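Visitor: Structure incoming, see below.
The values are calculated or read from the model by the stated rules, or taken from the named source; none is laboratory data. Please read all numbers here as calculations on a predicted model, not as lab measurements. Methodologically, a virtual Cβ is constructed for each residue, glycine included, from the backbone with ideal geometry; neighbour enumeration extends over all protein chains shown. Surface accessibility is based on the protein's heavy atoms, side chains included, excluding ligands, DNA and RNA. Shrake-Rupley method; radii C 1.70, N 1.55, O 1.52, S 1.80 Å.
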Amino acid sequence: MKKWDLILVGAGLANGLIAWRLKQRHPTLAVLMLECGDAPGGNHTWSFHQHDITPAQHAWLAPLVAHRWDGYDVHFPNVSRTLHDGYLTITSTRFAQAMRGLMKENLLTNVTVSRVSGQEVTLSDGRRFTAGAVIDGRGYQPSPHLSIGYQAFIGQEWQLTAPHGLTRPILMDARVAQGNGYRFVYTLPLSADTLLIEDTHYIDGPTLDADSARARIADYARQQGWQLARLVREEQGALPITLSGDPAAFWHQFHHQPVSGLRAGLFHATTGYSLPLAVRLADRIANAPGLHQGALYQLIADFAARHWQTQRFFRLLNRMLFLAGTPDQRWRVMQRFYQLDEQLIARFYAGQLRSADRARLLLGKPPVPIVGAIKALLHTHSSLRAHHK
């Protein structure tokens, strides 16, 4: 039986970027990728900001990027603004094509994994594979050691009857009915007459009523004067948004099994964006002296521990967003944020806030009730228990 250098369980973004970077740096490595679905990447769209990653990382990631824009717009009831930080998107179609070309016969799709350990994978059909290390990247799993809210969304890619006129994305349009959480519509202009329109909610649970979300997307399109002609595809998801947690206990549950991506808690605590961290982790692994289970587990665990520390302030802001005010007023927190300095906003998305940035974000009267804000900051809000899932 062949022994692989590395087995990647799950062909999502994080494991795909690990494979991509390893093949660039170490083309002779024997890497096997296993995916339960029909194609790598599933049915997703991954976006990120120009300054979220370094120029060197942009260079090796570039072949996967399907769309680039010079800026983006945001809209709130009392504020509209254009920001000039570049915005980029990887589509699952481009990602799948790249992974198939990269992995060739070493990509197995439509397989069901029955057992994963640090150096071995067993499939439901009895096939068994061994490697120096196995990375489990099969997506986020709820943990009793994290308090989580969600950014839940349904997105539809539509071809229109006529050009839409957008030259850049609308990252947030919160001039819409709010309901049970902070709601906004996210729109990407993919071609002159094609849009991805997402109905997005920061809410306590991971699910949206799909039919209601589809109706809201249709209503929004009508309000913008866009005539929907053909539904190209639909995607849905729920990104975890971290409020608090016990990182030591979270990592103990893996029993030295290397993990990646959302499963490893590697996402921006407030936005849920995971691509920048997936890029950084892929670089770390590609530069590692070896791919043995113990060393690889420690590398990822240390990387995640540093990330947890840098995200402390973002978790504080999340508690303000989710706990300090009524759900239909959560938009006020984001409206205030988008009136700040453009470079601060770019550093926020990159997860690289300075001390002065943190002070500026908390300066002045909070856009939520003060008592609720204090309780959220001090972890004493009674609703925090409801986010332990």
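Visitor: So for the stretch 146-242, averaging the separation of alpha carbon pairs under 8 Å that are six or more residues apart and normalising by length, what relative contact order in percent results?
Guide: Across the stretch 146-242, relative contact order equals 45 percent.
Visitor: Separate question: Using only Cα atoms, what Kirkwood radius does the stretch 146-242 have, in angstroms?
Guide: Hydrodynamic radius (Kirkwood, Cα pairs) of the stretch 146-242 is 13.7 Å.
Visitor: Something else about it: Can you tell me the accessible area per residue over the stretch 146-242, all protein chains present, probe 1.4 angstrom, in square angstrom?
Guide: It amounts to 38 Å² per residue over the stretch 146-242.
Visitor: Can you find, among Leu188, Thr167, Tyr150, the residue sitting farthest towards the positive end of the charge dipole of the stretch 146-242, where Lys and Arg contribute +1 and Asp and Glu -1 at Cβ?
Guide: Working it through, the farthest residue towards the positive pole turns out to be Thr167.
Visitor: To one decimal place, what Kirkwood hydrodynamic radius in Å is obtained for the chain from all pairs of distinct Cα atoms?
Guide: Evaluated on the chain, it is 21.8 Å.
Visitor: Based on the Cβ-Cβ distance of Arg25 and Gln329, what FRET efficiency does E = 1/(1 + (r/R0)^6) give at R0 = 51 Å, to the nearest 0.05?
Guide: Between Arg25 and Gln329 the formula returns 0.55.
Visitor: Could you give me the ³J(HN,Hα) list for the stretch 103-116, computed from phi with Karplus coefficients 6.51, -1.76, 1.60 and θ = phi - 60°, whole Hz, x at Gly and Pro?
Guide: 8, 6, 6, 8, 10, 10, 9, 6, 10, 10, 8, 9, 8, 10
Visitor: Go ahead and set up a Gaussian network model of the chain, Cα springs under 10 Å, then flag whichever of Ser114, Ser47, Ser143 fluctuates most.
Guide: Of the options given, Ser114 has the highest mean-square fluctuation.
Visitor: By how many nm would the segment from Asn287 to Thr310 grow when fully extended, if each residue of separation counts as 0.36 nm and the alpha-carbon distance is taken off?
Guide: Answer, rounded to one decimal: 6.1 nm.
Visitor: Can you tell me the convex hull volume per residue for the stretch 261-330, based on C-alpha atoms, in Å³ to the nearest whole number?
Guide: 84
Visitor: Helix 312-323 sits at what angle to the longest principal axis of the chain, using alpha carbons and giving 0 to 90 degrees rounded to 10?
Guide: Taking the Cα atoms of the chain, the angle to 312-323 is about 50 degrees.
Visitor: Computing the accessible area with a 1.4 Å probe over protein heavy atoms, can you report the carbon and sulfur percentage for the chain?
Guide: In the chain, the share of accessible area belonging to carbon and sulfur is 52 percent.
Visitor: Please list, in order along the stretch 40-49, the HN-Hα scalar couplings obtained from phi with the Karplus expression 6.51 cos²θ - 1.76 cosθ + 1.60 (θ = phi - 60°), rounded to whole Hz, x for Gly and Pro.
Guide: x, x, x, 10, 9, 10, 10, 10, 7, 9
Visitor: Tell me which residues come under 5 Å, amide H to amide H, from Arg233 once H is placed; ignore anything under 5 positions away on its chain.
Guide: Amide H neighbours of Arg233, under 5 Å, 5+ apart: Glu157.
Visitor: Moving to a separate point now. Hey, what did the chain get for relative contact order, percent, Cα under 8 Å, at least 6 apart?
Guide: For the chain, the relative contact order is 20 percent.
Visitor: If you don't mind, another one. With +1 on each Lys and Arg Cβ and -1 on each Asp and Glu Cβ, how big is the dipole of the chain about its Cα centre, in debye rounded to the nearest 20?
Guide: With only Lys, Arg, Asp and Glu charged at Cβ, the dipole is about 760 debye.
Visitor: Mind checking the full-extension length gain between Lys2 and Ser117? Use 0.36 nm per residue of separation minus the Cα-Cα distance, one decimal, nm.
Guide: 39.7 nm
Visitor: Follow-up question, since we're still on this one. For the stretch 105-182, what is the convex hull (Cα atoms) projected area averaged across all directions, in square nanometres?
Guide: If you wrap the Cα atoms of the stretch 105-182 in a convex hull and average its projections, you get 11.2 nm².
Visitor: Take the chain, connect every pair of alpha-carbon atoms lying under 10 Å apart with a spring to form a Gaussian network, then pick out the residue of Pro289, Pro144, Pro258 with the largest mean-square fluctuation.
Guide: Pro289
Visitor: Could you derive backbone 3J(HN,Hα) for the stretch 291-304 from the dihedral phi with the Karplus parameters 6.51, -1.76 and 1.60 (θ = phi - 60°), listing whole Hz in sequence and x where the residue is Gly or Pro?
Guide: Values per residue, Gly and Pro as x: 10, 7, 3, x, 5, 5, 4, 5, 4, 5, 5, 5, 4, 5 Hz.
Visitor: Then there's this: Out of residues 5 or more away from Ile241 or on other chains, whose amide H comes under 5 Å of its own, with H placed 1.01 Å from N in the peptide plane?
Guide: Residues meeting the criterion, in which the H sits 1.01 Å from N, are Gly149, Tyr150, Gln151.
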